[in-house]
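Colleague: This is the structure I want to talk about, given as structure tokens.
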Amino acid sequence: MDMTRHRDLIAFIILVAFIPLLFKNPYYINILVFIGIYSIAATGLNLLMGYAGQISLGHAAFYAVGAYTSGILTLRYQVPFPAAAVLALAGAALLAYAIGMPCLRLRGHYLAMATLAAGEIIYIILNAAVPVTGGPSGIAGIPSLRLGPYDLDTDTGHYAVVWCLFVIVLILSRNILDSRIGRALRSLHSSEIAAGSLGVPVARIKLQVFVLSAVYAALAGVLYAHTVTFISPQTAEIMFSIQLITMVVIGGMGHLWGGVVGAAIVTVLPELLSAFHDYELVIYGCILLIMVMFLPGGLVRWVQRCIEVRMAPLMRKRS
Amino acid sequence: MSELSQIVQFLCTGVTIGSIYAMVGMGFTMIYNATGIINFAQGEFVMLGGLIMVSLTSSAHIPMPLGFFITVICVMLIGALFERCAIYPLKKPSVLTLIIITLAGSIIAKGVAMLVWGKQTYSLPHFSGDTPLIIAGAAILPQTLWILGILCCVVYGLSLFFNRTMLGKAMRACAVNPIAASLIGINVRYMVLLSFALSAALGAVAGICITPMLLMEFDRGALLGLKGFCAAALGGLGHSGGAVVAGLLIGIFESFGSGYLSSAYKDAIALIVLLAVLLLRPSGLFGSVEQNKLKDF
């Protein structure tokens, strides 16, 4: 393995492993668990937005489908957690395939509207199908994380599971982006027509990325269901889809680290600004607007550029 | 209640709500034609129209007709302001950027509405009393007639505007080909501004009309907008008359669906129609398939 190419990844894994030693307060660990969960979903959405140039306004629905499927299977049918999680991911993948197939042949707005509509339909079903989903009051008492004989229902247990899975997601995404598919994706982003004429199966690749990002969202949902042990239709609200989009836009569309940086900011910000709770919507809207208009590359790239500019004179001196 | 009167009743309810979807759908069409943008904030214009009208008439005691005009003008200004602040400064934006920007606009509108009006639900008095007329055994509210009348006026007014006035013709020219339009001296940026203002006005009218029947609160906009988009897509995006017919159709589906099938799933009906249209016939009922392929979408 070429170590220099993976420097950032290795540094990140070390950081993730040592952070719990710094924060003893369970409140902070809990926030970190949520950052991990949202990072998984945001990284998936980032693949779709940043690399395939498509947008999904219904990602909360996949998150909720993951959470409800896994929650219901483990609670009512005593399916063990890993099996239920796999079934939940498969369910979300099928749903994404069904929604994406007709829409990705078309471009731009259509997928946005179709995912918005599909997300809203799922929200309505979760509220209305009371015998299955518990309706607006949701489902409580979902079994917590457990892997075979190991009970992981502690803050550090949650932290370990969530962040291990995030690191796996990150490595998987990075390998995909470095592969043939990744190169095809990047070519799509610059020009669909040129990519198509060079033999890139445009519609199929977009569909694959869409399904993959839905599976990531479902994985995040599964983790949410089993760490919080309670789910309600709120997980499928449009506002959560928009929060995920905000994470990607803040962090940086088309940058692998964008998802986690955005997730961290969007999760920590409301905790810091809890006095401004009523202004939350306005703040989210303004952040989205300002980021897209003035920093379309996101914070990660901006910081990178700032560092490069600072470092440039030093580098010159050294050479 | 006899079978016939029940059907008439459902039909009336459907046409009433369908008129609203038709107006919102026309708003989508107007902006789409002028700019190629799907304005995700369209539904918020409806919500703002309803709530501003409530404040003007119930709190400030301005008479209804005057309140109507002031509300429409306020929402028009908001639409124009949004275009100037968020759309105008962009240079060669991608579809993704535009979606995110209009989405951000809709969240800001919703957030500000929540700060101004709070989370409670507001109502407006019906335009001319709420004693229902009995027609074929069905109770029809006068408001239904008002809404239908206003929809007719709006459609007629817009067709006059687009076919008889220089400004309307210039807007149509922009819809056909913005570059050619700018070559013959049409100010395309101004037309974009105008399309946002007009479509905001349409949303406001829809909001004022429907508030007496459905009530209004700060987070109603998104769903109304989405259903309006269903109308625009079913009618063939960019086809104004199509949006009106499709809006009425969707309203009627919804009303019969909630009557005969299940009222809990009422809101899902329009959305299922939208998914079906996207799946089976993305050019809609009235759009041509060839033209749809050429659209910059």
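The values are calculated or read from the model by the stated rules, or taken from the named source; none is laboratory data. The shown structure was predicted, so the numbers you read here are calculated from the model rather than taken from an experiment. Reconstructed Cβ throughout: ideal geometry from the backbone, glycine too, with neighbour counts over all protein chains shown.
Colleague: For residues that are more than 14 Å from chain B (Cβ to nearest Cβ) and among the aliphatic types (A, V, I, L, M), tally how many sit in region A:224-257.
Modeller: The qualifying residues number 4.
Colleague: Another question, then. Suppose the filter is within 14 Å of chain B (Cβ to nearest Cβ), under 30 Å from A:Ile142 (Cα atoms) and not β-branched (Val, Ile, Thr); does A:Pro296 pass it?
Modeller: Numbers: within 14 Å of chain B (Cβ to nearest Cβ): yes; under 30 Å from A:Ile142 (Cα atoms): no; not β-branched (Val, Ile, Thr): yes.
No.
Colleague: Just the residues that are away from every other protein chain (no Cβ under 14 Å) and touching a Ser or Thr at 6+ places or on another chain (Cβ under 8 Å), please, taken from region A:18-61.
Modeller: A:Pro20, A:Ile29, A:Ile31, A:Val33, A:Phe34, A:Ile35, A:Ile37, A:Tyr38, A:Thr43, A:Gly44
Colleague: For region A:312-319, state whether one or more residues are within 13 Å of chain B (Cβ to nearest Cβ) and assigned to a helix (DSSP H, G or I).
Modeller: Scanning region A:312-319, I find no residue that is within 13 Å of chain B (Cβ to nearest Cβ) and assigned to a helix (DSSP H, G or I), so the answer is no.
Colleague: B:Lys110 is checked against (1) surrounded by fewer than 20 Cβ atoms within 10 Å (Cβ to Cβ); (2) within 30 Å of A:Leu295 (Cβ to Cβ); (3) of a type in the set (Lys, Arg) and fails just one. What number does that condition carry?
Modeller: Answer for B:Lys110: the failing condition is (1).
Colleague: Something else: How do the pairs read when you match residues in region A:115-132 that are facing chain B (nearest Cβ under 7 Å) with residues anywhere that are among the basic types (Lys, Arg) and in a helix (DSSP H, G or I), using Cβ under 9 Å and keeping only pairs 6 or more apart or on different chains?
Modeller: Between residues of region A:115-132 that are facing chain B (nearest Cβ under 7 Å) and residues that are among the basic types (Lys, Arg) and in a helix (DSSP H, G or I), the close pairs are A:Ile124/B:Lys266.
Colleague: From the set of residues in region A:161-181 that are surrounded by fewer than 18 Cβ atoms within 10 Å (Cβ to Cβ) and in contact (Cβ under 8 Å) with a residue 60 or more places away in the chain, which is farthest from B:Leu96 (Cα to Cα)?
Modeller: Among those that are surrounded by fewer than 18 Cβ atoms within 10 Å (Cβ to Cβ) and in contact (Cβ under 8 Å) with a residue 60 or more places away in the chain, it is A:Val167.
Colleague: Kindly indicate the residue of region A:285-319 that is of a type in the set (Lys, Arg) and at pLDDT 80 or above and also farthest from B:Ala41 (Cα to Cα) among those meeting that condition.
Modeller: Looking at residues that are of a type in the set (Lys, Arg) and at pLDDT 80 or above, I get A:Arg310.
Colleague: Continuing with this model, one more query. If A:Ser56 meets every condition in (1) small (Gly, Ala, Ser); (2) assigned to a helix (DSSP H, G or I); (3) crowded, with 24+ Cβ neighbours inside 10 Å apart from one, which number is that one?
Modeller: (2)
Colleague: Next up: Under the condition of being more than 10 Å from chain A (Cβ to nearest Cβ), outside any helix (DSSP H, G or I) and not aliphatic (A, V, I, L, M), which residue from region B:237-281 is surrounded by the fewest Cβ atoms within 10 Å (Cβ to Cβ)?
Modeller: Among them, the one singled out is B:Arg281.
Colleague: Scan region A:149-160 residue by residue and report those that are assigned to a helix (DSSP H, G or I), within 14 Å of A:Thr229 (Cβ to Cβ) and not acidic (Asp, Glu).
Modeller: Once the filter is applied, which keeps residues that are assigned to a helix (DSSP H, G or I), within 14 Å of A:Thr229 (Cβ to Cβ) and not acidic (Asp, Glu), region A:149-160 yields A:Gly157, A:His158.
Colleague: Hey, any hits in region A:235-246 for a residue that's in contact (Cβ under 8 Å) with a residue 12 or more places away in the chain, under 24 Å from A:Ile181 (Cβ atoms) and buried (at least 17 other Cβ atoms within 10 Å of the Cβ)?
Modeller: So far as region A:235-246 goes, yes, one or more of its residues are in contact (Cβ under 8 Å) with a residue 12 or more places away in the chain, under 24 Å from A:Ile181 (Cβ atoms) and buried (at least 17 other Cβ atoms within 10 Å of the Cβ).
Colleague: Against the condition closer than 19 Å to A:Phe166 by Cβ and crowded, with 18+ Cβ neighbours inside 10 Å, how does A:Val300 come out, does it pass?
Modeller: Judged against the criteria, A:Val300 is a match.
Colleague: For region A:137-155, name all the residues that are surrounded by 12 or more Cβ atoms within 10 Å (Cβ to Cβ) and not polar (S, T, N, Q).
Modeller: Hits for region A:137-155 are A:Gly138, A:Ile139, A:Ala140, A:Ile142, A:Pro143, A:Leu145, A:Arg146, A:Leu147, A:Leu152, A:Asp153, A:Asp155.
Colleague: Still on this model: Looking at region A:63-77, can you tell me whether even one residue there is surrounded by 22 or more Cβ atoms within 10 Å (Cβ to Cβ) and either within 14 Å of chain B (Cβ to nearest Cβ) or of a type in the set (D, E, K, R) (or both)?
Modeller: no
Colleague: Please work out which one of (1) buried (at least 20 other Cβ atoms within 10 Å of the Cβ); (2) in a helix (DSSP H, G or I) is the condition B:Phe218 fails and give its number.
Modeller: (2) is the only condition that B:Phe218 fails.
Colleague: Okay, moving on. Test B:Glu3 against the stated conditions and say whether it is away from chain A (no Cβ under 14 Å), out of contact with any Pro (no Cβ under 8 Å at 6 or more places or on another chain) and of a type in the set (D, E, K, R).
Modeller: Yes.
Colleague: Taking the criterion of being assigned to a helix (DSSP H, G or I), within 11 Å of chain B (Cβ to nearest Cβ) and at pLDDT 90 or above, would at least one residue in region A:258-275 satisfy it?
Modeller: Checking region A:258-275: not a single residue is assigned to a helix (DSSP H, G or I), within 11 Å of chain B (Cβ to nearest Cβ) and at pLDDT 90 or above.
Colleague: Among the numbered criteria (1) without any contact (Cβ under 8 Å) to a residue 24 or more places away in the chain; (2) part of a helix (DSSP H, G or I); (3) within 13 Å of chain A (Cβ to nearest Cβ), which one does B:Leu66 miss?
Modeller: Condition (3) is where B:Leu66 drops out.
Colleague: Which condition breaks for A:Arg7 when tested against (1) more than 30 Å from A:Gly100 (Cα to Cα); (2) touching a helix residue (DSSP H, G or I) at 6+ places or on another chain (Cβ under 6 Å); (3) not polar (S, T, N, Q)?
Modeller: Status for A:Arg7: all satisfied but (2).
Colleague: Can you find, within region A:10-22, the residue that is nearest to A:Gly258 (Cα to Cα) among those that are surrounded by 15 or more Cβ atoms within 10 Å (Cβ to Cβ) and in contact with a Leu (Cβ under 8 Å, 6 or more places away or on another chain)?
Modeller: Of everything passing the filter in region A:10-22, A:Phe12 is nearest to A:Gly258 (Cα to Cα).
Colleague: Could you give me the residue pairs with C-beta distances under 8 Å whose first residue belongs to region A:255-283 and is among the β-branched types (Val, Ile, Thr), whose second residue is in a loop (DSSP other than H, G, I, E, B) wherever it lies, and which are 6+ apart or on separate chains?
Modeller: Between residues of region A:255-283 that are among the β-branched types (Val, Ile, Thr) and residues that are in a loop (DSSP other than H, G, I, E, B), the close pairs are A:Val261/A:Gly252; A:Ile283/A:Leu273.
Colleague: Okay, moving on. Of the residues in region B:69-100, how many are at the interface with another protein chain (Cβ under 9 Å from one of its Cβ atoms) and in a loop (DSSP other than H, G, I, E, B)?
Modeller: The number of residues fulfilling the criteria is 4.
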